[in-house]
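Worksheet for the structure shown next.
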Amino acid sequence: MTTIRIPHSKVEELPAQFRHCIGTGRLGLALQEEYAKHLRLVQQDIGFSYIRGHGLFHEDLAIYREIETEDGVSSFYNFTYLDRVFDLFLEVGLKPFIEIGFMPKAIASGEQTIFYWKGNVTPPADYNKWEDLVYETVMHLLKRYGHDEVRTWPFEIWNEPNLINFWENADKEAYLKLYKHTVKAIHQADEQLLVGGPAICGGSDEWIDDFLAFCTKNQVRVDFVSRHAYTSKPPNKKTPDYYYQELAPPSDFFDQLQPVREQINKAGYADRPFHITEYNTSYSPICQIHDLPYNAAYLAPVLTNLHKVADSFSYWTFSDVFEEYDVPRSVFHGGFGLVALHSIKKPTYHLFRFVRNLGSDILYQDDYMIVTNKSNGDITILAWNPTGQKKDVRKLAYELEVRGQSYFLEKERVNEYAGNPFRVWRQLGRPRFPTKQQVEILKRHDMPSVETTTISTTDGTLSIALELLPNEITFLTLSEVHDETSTYIGLDDRLLPIASDNLS
């Protein structure tokens, strides 16, 4: 084991793109109490800036209706639920990253749907009605929230149109037509609103070239380019309850996205932001990798590096209040969320919290850890050891150059034995619908283990040795100690019933 010396000097900046945006299930879920509770929790501990979800025009938000009048059928726009949803987002400090879709049944040209909740994925039968719907919705937002505010909300046109499940026949020409008409309607309301797409998933990056060429030729605005990224391989086994998948190495994210950034630049859009509006390990909402410490350890180098290839990225999703495959069938069902049902924090929740608490100045970074300096002088360290089924323990040794003489060290650990409520759930017999008592047990075990000590130096160097268990993430905070022990009259810890060898 080699000991690495880390100077106390900034190497580069650590941007906050990892929490620029967070994904959610369809917007109608925001009407549920537990959803709102989870949202407030992640905002308190992590603090995302934007939120993106499906189903703006799905029937559960009831925005579009056609009603019979004396003069015939008329369009009616109802924003009652939309206002509740967006008011909640803004209340907790989130701006909407608006995904335009899916198609209201009354306007749809076909009956193809996706998900348990049946989002219609066909083009509009009447583009005039579609444009009117988009225009009226945007105008309502402008009137309610103000032009200055809504101009900061990106409008992304559709979701993964390169997949036949999300867009009828994955018809590229039909999507480009939809994009053009939708942008027209948005800009009729306010020409300064931000628009973009094509929100494709991996495997069809030629869509990026064709999309940008179409927009250039037809003088259709593109304010940002969006794509999705997952690293799971096709499932090697499927059951009614679970997908079982292997993952490509974490570097696959970068291998996917760097060429796309180059495509965007080559097409003449180098000044446009590149947003990853969905990413995760598995693309399935019933893959239990999402529930495990491995998911957190695997994603640690991703969260601390993806800013090098994208302007923002949005984890899919913040909560297991989510219904793509079905209503969740158990507390740990492999859902995308950082938070499981009953407000139980998963290991990846703590990864985001740890990265949130890193400093903005990077002192050192390698394949297994990152060391940063905070504005208040604290040194923070995040280390990881994704091993999967392997039982490899990783040992790391570092010498940190510091400016103080004594430091308080706090170490938080998440691994197979700490901060892993999934393990406790297994020990409880995997209850599908846990009792209140079982929920309390699970919540008692959803936090990292915490260790503290004080370490001192006489030569300006602190020695840090880490032993990372399989699938562990560890977060260390070093805060300079300004000892005031001598100011206490008559203090003598030796007279106290303290069973410790760390007495002053």
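The values are calculated or read from the model by the stated rules, or taken from the named source; none is laboratory data. Remember, it's a predicted structure, so these values are computed and weren't measured experimentally. So basically every Cβ, Gly included, is an ideal-geometry build from the backbone, and we count neighbours across all protein chains shown. Each accessible area value is taken on the protein alone, full model and side chains, heavy atoms only, with ligands, DNA and RNA left out. Shrake-Rupley method; radii C 1.70, N 1.55, O 1.52, S 1.80 Å.
Once fully extended, how much extra length lies between L163 and I489, figured as 0.36 nm per residue of separation less the alpha-carbon to alpha-carbon distance? Mind showing how you got there, number by number?
Working: separation 326, 0.36 × 326 = 117.36 nm, distance 7.34 nm.
Contour length minus Cα-Cα distance gives 110.0 nm.
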Against the longest principal axis of the chain, how steep is helix 33-45, in degrees 0 to 90 to the nearest 10, with axes from Cα atoms?
50 degrees
Relative to the longest principal axis of the chain, what angle (0 to 90°, nearest 10) does the C-alpha long axis of helix 347-356 take?
80 degrees
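State which entries of K37/K411; K105/K129; K129/K177; K238/K443 exceed 24 angstrom in Cα-Cα distance in the structure shown. Kindly include the intermediate steps, with their values, before the conclusion.
Working: K37/K411 28 Å; K105/K129 12 Å; K129/K177 15 Å; K238/K443 29 Å.
Beyond 24 Å: K37/K411; K238/K443.
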Of the residues A499, Y127, Q192, the Cα lying farthest along the dipole of the chain towards its positive end, which is defined by charges on the beta carbon of Lys, Arg, Asp and Glu, belongs to A499
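What number does the chain give for Rg over Rh if you use C-alpha atoms and the Kirkwood radius? Numbers along the way, then the final one.
Numbers: Rg = 25.2 Å, Rh = 24.7 Å.
Across the chain, the Cα-based Rg/Rh ratio is 1.02.
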Reach of K266 by Cα under 15 Å, taken over aspartates and glutamates that are not fewer than 8 positions away in the same chain
D205, E206, D209, D210
Portion, in percent, of the accessible area of the chain that falls on carbon or sulfur, probe 1.4 Å:
47 percent
Just name one of L31, W153, V414: the one whose Cα is farthest towards the positive end of the charge dipole of the chain (beta-carbon charges, Lys/Arg +1, Asp/Glu -1).
V414
Would you mind checking the tilt of helix 206-217 against the longest principal axis of the Cα atoms of the chain, expressed as 0 to 90 degrees and rounded to 10?
60 degrees
Using alpha-carbon positions, what is the distance between the centroids of the stretch 3-17 and the stretch 120-155, in Å?
44 Å
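Determine the sum of side-chain charges near Y242: Lys and Arg each +1, Asp and Glu each -1, restricted to other residues whose C-beta is under 11 angstrom from that of Y242. Mind dumping the intermediate values first?
On the way: positive: K237, K238, R329; negative: D241, D291.
Net of charged neighbours comes to +1.
When ligands, DNA and RNA are left out and all protein chains stay put, how many square angstrom of accessible area per residue does the stretch 119-245 have with a 1.4 Å probe? All intermediate terms of the calculation are to be shown ahead of the outcome.
Details: 5240 Å² over 127 residues.
Dividing the accessible area of the stretch 119-245 by its residue count gives 41 Å².
Could you order D367, D126 by accessible surface area, starting with the largest, using a probe radius of 1.4 Å?
Details: D367 115, D126 55 Å².
Sorted by accessible area, descending: D367, D126.
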Mind checking the dipole of the chain: about its Cα centre, +1 per Lys or Arg Cβ, -1 per Asp or Glu Cβ, Debye to the nearest 20?
920 debye
Can you tell me how much longer the chain between D60 and R5 gets when fully stretched, taken as 0.36 nm per residue apart minus their C-alpha distance, in nm with one decimal?
14.1 nm
Surrounding charge for G202, neighbours by C-beta under 13 angstrom, Lys/Arg +1, Asp/Glu -1, total -4
Please calculate the 1.4 Å probe accessible area of S486, with all protein chains present, and give it to the nearest 10 Å².
110 Å²
